[in-house]
Amino acid sequence: MERREAFYIGGEWVAPASERTIEIVSPWTETVVAEVPEANEADVDRAVAAARAAFDGGALDVGASQRADWLAAIAAGIRDRADEIASLITLEMGSPALFSNLGQVLPCHVTFDQFADLARGYAFEEERAGMLGKVLVRKVPVGVSAAIIAWNVPLFLASMKVGAALAAGSPVVLKPAPEAPLSLFVLAEICDAAGVPAGALNVVPAGREVGEYLVRHPGVDKVSFTGSTAAGRKVAAICGEQLKRCTLELGGKSAAIVLDDADLEAAVPLMLPNSTMNTGQACLAQTRILAPRSRYDEVVAAVTAGVEGMAVGDPSDMATVVGPLVAERQRKRVEGYLEVGREEGAVVATGGGRPAGLDHGWFVEPTVLRDVDNSMRIAREEIFGPVVVVIPYEDDDDAVRIANDSDYGLSGSVWTTDTDRGVAVAERIRTGTVGVNAIGTLDFGSPFGGFKASGIGRELGPEGLEEYLEYQSIIVGA
Ligand code: NAD
């Protein structure tokens with residue numbers, strides 16, 4: 001049993017203000033496997049005060065190269081403890097072990113290394129010729145930031161925020177989701193060992209209400225939120241009222257477009273991981289597969305064969321591709337959508353139920369739904385499980401129209417034997433990141449984020465760093 005008894009606040013392990021705890025239930029064994037303290041308002045007050053003291057006292061105002069050294073040390077710390085962290089994430093939220101290693105933990109040290117390099121090379125100050133003389137344009141830290149994250153890729157979501165914030169010189173109060181806080185306690189230990197100053201990172205796991213208290217907190221200057229679009233709207237409304245800076249990374253319903261010249265044998269094995277990674281519990285999952293009507297049955301058959309080949313089972317087994325869903329309520333939600341899909345007239349090409357032979361764990365079979373129209377709820381709403389829909393289209397224009405006919409715009413891909421044609425189609429998709437014949441769904445040095453209801457602002461790359469900076473122009477008269 002994993003047990004934590006203190007929060008990391010102001011560079012120390014601090015006893016919680018209340019007796020409240022969070023029990024973490026393994027999605028695989030359905031038993032309690034960990035317990036951590038649950039922060040209340042008083043804990044958040046202390047965390048914000050510690051971050052404020054770090055900021056107002058200039059603890060991070062030490063030059064970008066010193067901050068870069070801390071970031072590189074954090075990256076090294078994560079690399080050193082990669083196996084342990086991956087196992088914790090598998091334990092708490094059921095991410096299959098291979099994905100925990102390659103999709104959950106590896107991106108974290110890459111991200112901290114990227115922000116270390118960025119901090120070293122970034123022009124935090126520049127001089128411009130102004131009307132009255134010279135103008136000093138400074139990019140200064142935004143102040144205290146609140147980082148609120150979802151449970152599905154906990155450490156990576158935190159790394160994108162903490163990496164950028166520390167590179168900028170902005171202390172962080174990090175609120176992990178109650179389902180998956182364990183790796184964030186390890187991050188606190190790693191930051192501590194890396195010599196990050198007291199108050200620069202504070203970790204207080206809690207639920208929604210306390211999350212909202214943190215968003216409203218007068219000591220917080222900026223909120224970076226990753227979670228559902230519904231919660232993102234609430235966070236944005238509070239930030240709007242208070243004129244607080246805010247970055248939102250929200251839901252998605254991304255399209256993978258198979259063009260009519262695609263080589264399915266080559267494309268489908270690369271495409272499917274983009275759709276079903278983390279058991280489909282990924283904001284950027286490409287869950288709408290768009291297939292040319294002329295090759296519709298062929299695409300459905302290839303996708304179905306690929307999905308039927310996915311090993312389902314124990315998430316700690318490196319061979320597992322599809323594990324259990326995070327919680328029983330999440331399985332209910334996914335099963336509810338399967339029901340809706342049937343009522344809407346979709347046909348189950350494979351899956352659609354619970355896998356045979358597994359008597360515990362919140363599993364849903366990896367599922368392909370065919371004969372789907374883009375107006376159906378299963379094509380419009382985020383299911384957040386191992387379910388893909390295959391939608392027919394007439395020609396490239398129609399494919400672009402369908403891909404863009406979505407409230408969301410986070411990710412996407414185009415599959416073709418003609419790269420130039422693929423890039424031309426990609427340019428027409430209103431989405432934040434789109435791959436052309438690419439297994440990856442984001443690039444660690446390039447902006448990641450959403451169009452439309454998928455969010456506001458960007459993470460990663462210089463654009464991600466700039467979300468934690470304010471611009472100041474000092475006009476120096478003659
Ligand atoms: P959620 O919105 O319920 O919760 C996310 C986090 O926000 C949790 O820490 C939660 O405690 C907190 N929270 C919820 N309501 C809040 C409020 N009103 N004020 C402050 N904090 C609040 O989302 P979830 O179910 O945990 O995560 C799944 C969702 O996250 C999916 O929609 C997924 O697409 C999205 N997501 C997006 C990205 C991205 O980068 N765009 C990445 C991962 C997940």
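Sort out which residues of segment 285-311 are in contact (Cβ under 8 Å) with a residue 24 or more places away in the chain, surrounded by fewer than 23 Cβ atoms within 10 Å (Cβ to Cβ) and not in a helix (DSSP H, G or I), and write them in order of number.
Across segment 285-311, the qualifying residues are P292, M310.
Taking F99, is it in a helix (DSSP H, G or I) and within 24 Å of P386 (Cα to Cα)?
yes
With the condition being out of contact with any helix residue (DSSP H, G or I) (no Cβ under 8 Å at 6 or more places or on another chain) and either of a type in the set (G, A, S) or surrounded by fewer than 18 Cβ atoms within 10 Å (Cβ to Cβ) (or both), I'd like the helices (runs of 4 or more DSSP H) fully within segment 1-96 carrying at least 2 qualifying residues.
41-56, 64-80
On the given criteria, is E265 of a type in the set (D, E), at pLDDT 95 or above and more than 28 Å from A379 (Cα to Cα)?
no
Scan segment 220-227 and give yes if some residue there is within 11 Å of the ligand (Cβ to nearest atom) and either among the hydroxyl-bearing types (S, T, Y) or over 18 Å from the mean Cα position of the chain (by Cα) (or both), otherwise no.
Yes, segment 220-227 contains at least one residue that is within 11 Å of the ligand (Cβ to nearest atom) and either among the hydroxyl-bearing types (S, T, Y) or over 18 Å from the mean Cα position of the chain (by Cα) (or both).
With respect to the numbered conditions (1) at pLDDT below 95; (2) more than 26 Å from A349 (Cα to Cα), which one is the sole condition not fulfilled by T441?
All conditions pass for T441, except number (2).
Out of T279, T304, which single residue is within 15 Å of the ligand (Cβ to nearest atom) and in the same structural domain as D397 (by TED's automatic domain parsing)?
Testing whether each residue is within 15 Å of the ligand (Cβ to nearest atom) and in the same structural domain as D397 (by TED's automatic domain parsing) leaves just T279.
Only one residue in S183, S159, S170 is among the small types (G, A, S), closer than 25 Å to G450 by Cβ and touching a Lys or Arg at 6+ places or on another chain (Cβ under 9 Å). Which one?
Step by step, each of S183, S159, S170 is checked, and only S170 is among the small types (G, A, S), closer than 25 Å to G450 by Cβ and touching a Lys or Arg at 6+ places or on another chain (Cβ under 9 Å).
Spot the failing condition for A262; the list is (1) part of a loop (DSSP other than H, G, I, E, B); (2) near the ligand (Cβ under 10 Å from one of its atoms), and only one is missed.
Tallying (1) part of a loop (DSSP other than H, G, I, E, B); (2) near the ligand (Cβ under 10 Å from one of its atoms), A262 fails exactly one: (2).
I want to confirm something. Restricting to segment 400-454 and keeping residues that are of a type in the set (D, E) and without any contact (Cβ under 8 Å) to a residue 24 or more places away in the chain, which single residue is surrounded by the most Cβ atoms within 10 Å (Cβ to Cβ)?
D443
Could you run through segment 362-378 and say how many residues are touching an Asp or Glu at 6+ places or on another chain (Cβ under 7 Å) and either of a type in the set (G, A, S) or in a helix (DSSP H, G or I) (or both)?
2
Are any of the residues in segment 253-260 of a type outside the set (D, E), farther than 25 Å from Q104 by Cβ and without any contact (Cβ under 8 Å) to a residue 12 or more places away in the chain?
no
Give P355, P324 a once-over and let me know the one that is within 26 Å of the chain's Cα centre (by Cα) and not in a helix (DSSP H, G or I).
Among P355, P324, only P324 is within 26 Å of the chain's Cα centre (by Cα) and not in a helix (DSSP H, G or I).
Going residue by residue through segment 110-133, is there one that turns out to be of a type in the set (G, A, S), over 14 Å from A167 (Cα atoms), buried (at least 20 other Cβ atoms within 10 Å of the Cβ) and out of contact with any Ser or Thr (no Cβ under 7 Å at 6 or more places or on another chain)?
no
Condition first: touching a residue at least 60 places away in the same chain (Cβ under 8 Å), hydrophobic (A, V, I, L, M, F, W, C) and closer than 30 Å to T279 by Cβ. Now tell me which residues in segment 109-133 satisfy that.
Selection gives V110, F115.
For V196, indicate whether it is more than 16 Å from the ligand (Cβ to nearest atom) and over 30 Å from V436 (Cα atoms).
In short, yes.
To keep it simple, each residue is scored yes or no on (1) assigned to a loop (DSSP other than H, G, I, E, B); (2) at pLDDT 95 or above; (3) in the same structural domain as G169 (by TED's automatic domain parsing).
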residue: V390; (1), (2), (3): no, yes, no
residue: D397; (1), (2), (3): no, yes, no
residue: R401; (1), (2), (3): no, yes, no
residue: T417; (1), (2), (3): yes, yes, no
residue: R421; (1), (2), (3): no, yes, no
residue: V425; (1), (2), (3): no, yes, no
residue: Q472; (1), (2), (3): no, yes, yes
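Looking at segment 167-181 only, could you name the residues that are within 28 Å of M93 (Cα to Cα), buried (at least 24 other Cβ atoms within 10 Å of the Cβ) and either touching a residue at least 60 places away in the same chain (Cβ under 8 Å) or within 7 Å of the ligand (Cβ to nearest atom) (or both)?
Within segment 167-181, P171, V172, V173, K175, P176, A177, A180, P181 qualify.
Within segment 129-176, can you find the residues that are over 19 Å from the mean Cα position of the chain (by Cα) and in a loop (DSSP other than H, G, I, E, B)?
G130, M131, L132, G133, V142, G143, V144, G169, S170, P171
Given the conditions (1) within 26 Å of G341 (Cα to Cα); (2) surrounded by 15 or more Cβ atoms within 10 Å (Cβ to Cβ), report the number of the one that D373 does not fulfil.
(2)
Could you please find all residues in segment 427-466 being within 16 Å of the ligand (Cβ to nearest atom) and in a helix (DSSP H, G or I)?
G461, E463, G464 - these are the residues of segment 427-466 that are within 16 Å of the ligand (Cβ to nearest atom) and in a helix (DSSP H, G or I).
The values are calculated or read from the model by the stated rules, or taken from the named source; none is laboratory data. What you see is a predicted model; the values in this text were computed from it and never measured. Glycine also receives a Cβ, built like all others from the backbone with ideal geometry; neighbour counts cover every protein chain displayed.
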